[in-house]
């Protein structure tokens, strides 16, 4: 059993399969006086699997600010504390960074315990160069914001990685297909879990296959723009109209994603 009083351990946990827990993770969790987590029910399942009995304290986003002081006090008084999220690495699209920042400001030692991450897990099986990529967390909910973001990032020609809900994953792929059907896409569903499924291919191909699948669970998405630039305005508008895209949507997509000037595009759409 580890005894490291006054240390905040930031612990990566399995993203779905408890068997991915490391020996070091078990050793650290078994040696602390408190485990800070998002959901005590989820954390309790992990501790039960590891046969560890340690008090739990929920520090999800709605309670994080008001409970920080009590955790810092315990750390300052010599208790060891482990920070975990429901799955993966804390403070990466999850609560926790405020606790880490507060601990640093209080001169408390902070030590990481590395663990799985859904994005790097998916990148490892995508079959594309991953020496440079952009992680955006959860993709923007609104179409305009999503397209605007991709318009900025696609110039880098780097894979764009993030999380998407099952309610929006098909819409996201349809938007990519409208602009860049040859873009490479990799979609991971329920990674490391019993119903893990991974789709790779062009945006158009993956969309077709995903429509025939059960769209439930947690999704990670990688979009790697094709190197082919958008065609001239006439070709672009003709393709959009052939796909029965509304005029307002053509203008929105053309200006936000394809980089066309609004006035010439508006004139061509309404010709």
May I ask you to list the residues in the stretch 33-67 that are part of a helix (DSSP H, G or I) and either closer than 21 Å to residue 12 by Cβ or not assigned by TED's automatic domain parsing to the domain that holds residue 11 (or both)? 40, 41, 42, 43, 44, 45, 46, 47, 48, 49, 64
Checking the structure you have, find out if any residue of the stretch 179-192 is assigned by TED's automatic domain parsing to the domain that holds residue 128, within 16 Å of residue 119 (Cβ to Cβ) and out of contact with any strand residue (DSSP E or B) (no Cβ under 9 Å at 6 or more places or on another chain). yes
Residue under question is residue 244, and the condition is that it be exposed (fewer than 11 other Cβ atoms within 10 Å of the Cβ), assigned to a loop (DSSP other than H, G, I, E, B) and under 33 Å from the mean Cα position of the chain (by Cα); does it hold? yes
Got at least one residue in the stretch 202-214 being within 29 Å of residue 86 (Cβ to Cβ) and part of a strand (DSSP E or B)? no
Given the criteria without any contact (Cβ under 8 Å) to a residue 40 or more places away in the chain, touching a strand residue (DSSP E or B) at 6+ places or on another chain (Cβ under 7 Å) and either closer than 23 Å to residue 121 by Cα or surrounded by fewer than 18 Cβ atoms within 10 Å (Cβ to Cβ) (or both), does residue 46 qualify? yes
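When the residues of the stretch 16-39 are filtered to those that are closer than 16 Å to residue 95 by Cβ and either surrounded by 16 or more Cβ atoms within 10 Å (Cβ to Cβ) or touching a residue at least 60 places away in the same chain (Cβ under 8 Å) (or both), which remaining residue is farthest from the chain's Cα centre (by Cα)? It would help to see each step written out before you state the result.
Of the residues in the stretch 16-39, the ones closer than 16 Å to residue 95 by Cβ are 34-39.
Those left that are additionally either surrounded by 16 or more Cβ atoms within 10 Å (Cβ to Cβ) or touching a residue at least 60 places away in the same chain (Cβ under 8 Å) (or both): 34-38.
Values: 34: 27, 35: 24, 36: 21, 37: 18, 38: 17 Å.
Selected residue: 34.
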Collect the residues in the stretch 92-137 that are surrounded by fewer than 20 Cβ atoms within 10 Å (Cβ to Cβ), in contact with a strand residue (DSSP E or B) (Cβ under 7 Å, 6 or more places away or on another chain) and at positive phi, keeping them in residue-number order. 93, 127, 137
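Got a sec? Which helices (runs of 4 or more DSSP H) wholly within the stretch 93-156 have at least 1 residues that are farther than 30 Å from residue 248 by Cα? Step through it out loud before you land on a result.
Values: elements: 97-105, 118-126, 143-153.
Helices (runs of 4 or more DSSP H) meeting the threshold: 97-105, 118-126.
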Within 28 Å of residue 255 (Cβ to Cβ) and in contact with a strand residue (DSSP E or B) (Cβ under 6 Å, 6 or more places away or on another chain): does that describe residue 160? yes
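The values are calculated or read from the model by the stated rules, or taken from the named source; none is laboratory data. The structure presented is a predicted model; accordingly, all values stated were derived computationally and were not measured. Ideal geometry is used to build each Cβ from the backbone, glycine not excepted, and the neighbour counts take in all protein chains shown.
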